[in-house]
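Participant: What follows is a single structure, and I will ask about it in a moment.
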Amino acid sequence: LSGLGFTEAINYSFIHAEAVDQLRLAADDRRRRLVSIRNPLSEDQAVMRSSLLPGLLAAAGRNLAQQTRTVKLFEVGKIFIAKDGDTLPEETEMLAGLWTGQRVDNVWYAATAASDFFDLKGVLEDLLGALQLPEVHFHALEADQAPFLRPGAMAAIDAAQDRLGIIGELHPGVARSFDLKQTAFVFELSLPPLERNRPAAATCRPIPRYPAIVRDLTVVVQREVPSAA
């Protein structure tokens, strides 16, 4: 991700208890099972994080407040989900990223263009391709499956039979709650299924002996049909 132009962020594992409300999480969402800190230093660090996104959104907000209009961040870290009883919480290693602002740096010889969903999707395709994950595909999500993302601009990421994570445009209401005054795109990946699907060894195929034959086809389909299909 550093090679793709992102900067690594390292945030505290403690967040404000209201962060789950800012993300518009459903009442039965497991990420609402927060682990409370017995003696927090402040209300902003009262619970253990159940998502990496609040930390990245807060970091993006601080950058925008300092007139940094293009922000590309990623973070690797654990989330904590409380269990019933007096047991230790469930800990999962996650990878999350955020992109807001321009597609490329401002240059005198080209017009500026804002980043969009497909820019971040391309970043993840490069990342997962470099990890040689087989059968990775993106497919549409229902609005209630990721309430912090804008309906119609979000997707799930699967590999084989495993759900790797999600990607999408941040919901405008969530952006306002984190004081983000411009469109932002985020992704979140769970590292255990990503590791399970990595091949044990790299394989290669011989270069084809004969040159390829290229045909350009145009297919007219209904608007609702996913491009992968």
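The values are calculated or read from the model by the stated rules, or taken from the named source; none is laboratory data. Small disclaimer: the values here were computed from a predicted structure and weren't measured. When we count neighbours, we look across all protein chains shown, and the Cβ atoms used for this are built from the backbone with ideal geometry, even at glycine. Accessible surface is based on the protein model in full, side chains and every heavy atom, while ligands, DNA and RNA are left aside. Shrake-Rupley method; radii C 1.70, N 1.55, O 1.52, S 1.80 Å.
Participant: Can you sort T7, T68, T218 by 1.4 Å-probe accessible area, starting with the largest?
Facilitator: Working: T7 80, T68 55, T218 130 Å².
Sorted descending by solvent-accessible area, the residues read T218, T7, T68.
Participant: Quick one: which residues, 5+ away or cross-chain, put their amide H under 5 Å from the amide H of A184? H built at 1.01 Å from N.
Facilitator: Those lying under 5 Å, H to H, from A184 are L170.
Participant: On average, how much accessible surface per residue is there in the chain, in Å², for a 1.4 Å probe, leaving out ligands, DNA and RNA? Please list the in-between numbers first.
Facilitator: On the way: 14580 Å² over 229 residues.
Result: 64 Å² of accessible area for each residue.
Participant: Would you compute, from DSSP H runs of 4+ residues alone, the mean residue ellipticity of the chain at 222 nm, taking -39500 (n - 2.57) per run and dividing by the full residue count, rounded to the nearest 500? Could you put the intermediate results ahead of the total?
Facilitator: Numbers: 5 runs with 44 residues, N = 229.
Result for the chain, helices only: -5500 deg cm²/dmol.
Participant: While we're on this one: Along each of its three principal axes, how wide is the spread of alpha-carbon positions in segment 1-112, in whole angstrom units, largest first?
Facilitator: Answer, in whole Å and largest first: 62, 26, 25 Å.
Participant: Leaving out ligands, DNA and RNA, and with a 1.4 Å probe, what % of the accessible surface on the chain is carbon or sulfur? Mind showing how you got there, number by number?
Facilitator: Numbers: 7550 of 14580 Å².
Ligands and nucleic acids excluded, carbon and sulfur give 52 percent.
Participant: Taking all protein chains together and a probe of 1.4 Å, list F148, F178 from the most accessible to the least accessible. Kindly include the intermediate steps, with their values, before the conclusion.
Facilitator: Working: F148 5, F178 25 Å².
Final ranking, largest accessible area leading: F178, F148.
Participant: While we're on this one: Can you give the accessible area of H16 in Å² (nearest 10), computed on protein heavy atoms with a 1.4 Å probe?
Facilitator: 50 Å²
Participant: Still on this structure, please answer the following. Please provide three numbers in whole Å: the alpha-carbon extents of the chain along the principal axes, with the largest listed first.
Facilitator: The Cα atoms of the chain stretch 69, 46, 36 Å along their principal axes.
Participant: Which residue, K121, K78, K181, has the most motion in a Gaussian network model of the chain that connects Cα atoms within less than 10 Å?
Facilitator: Between K121, K78, K181, it is K181 that shows the largest mean-square fluctuation.
Participant: Taking Cα centroids, how far is segment 40-117 from segment 155-229 in Å?
Facilitator: Spelled out, the Cα-based centre of one part sits 20 Å from the other.
Participant: Can I ask one more? Among L64, A82, N106, whose Cα lies farthest out toward the positive end of the dipole of segment 24-136, if unit charges sit on the beta carbon of Lys, Arg (+1) and Asp, Glu (-1)?
Facilitator: Of the listed residues, the answer is L64.
Participant: Still on this structure, please answer the following. What list of ³J(HN,Hα) couplings, whole Hz, do you get for segment 109-123 from phi and the Karplus terms 6.51, -1.76, 1.60, once you set θ to phi - 60° and write x for glycine and proline?
Facilitator: Karplus-based 3J(HN,Hα) across segment 109-123 equals 9, 9, 6, 7, 8, 6, 5, 9, 4, 6, 5, 5, 4, x, 4 Hz.
Participant: OK, next. Using only the heavy atoms of the protein chains and a 1.4 Å probe, how would V123, V225, V104 rank by accessible area, largest first? The partial results should precede the final answer.
Facilitator: On the way: V123 15, V225 65, V104 90 Å².
Output order, biggest surface exposure first: V104, V225, V123.
Participant: While we're here: What are the lysines whose alpha-carbon lies under 19 Å from the alpha-carbon of K121, with same-chain residues fewer than 8 places away excluded?
Facilitator: K72
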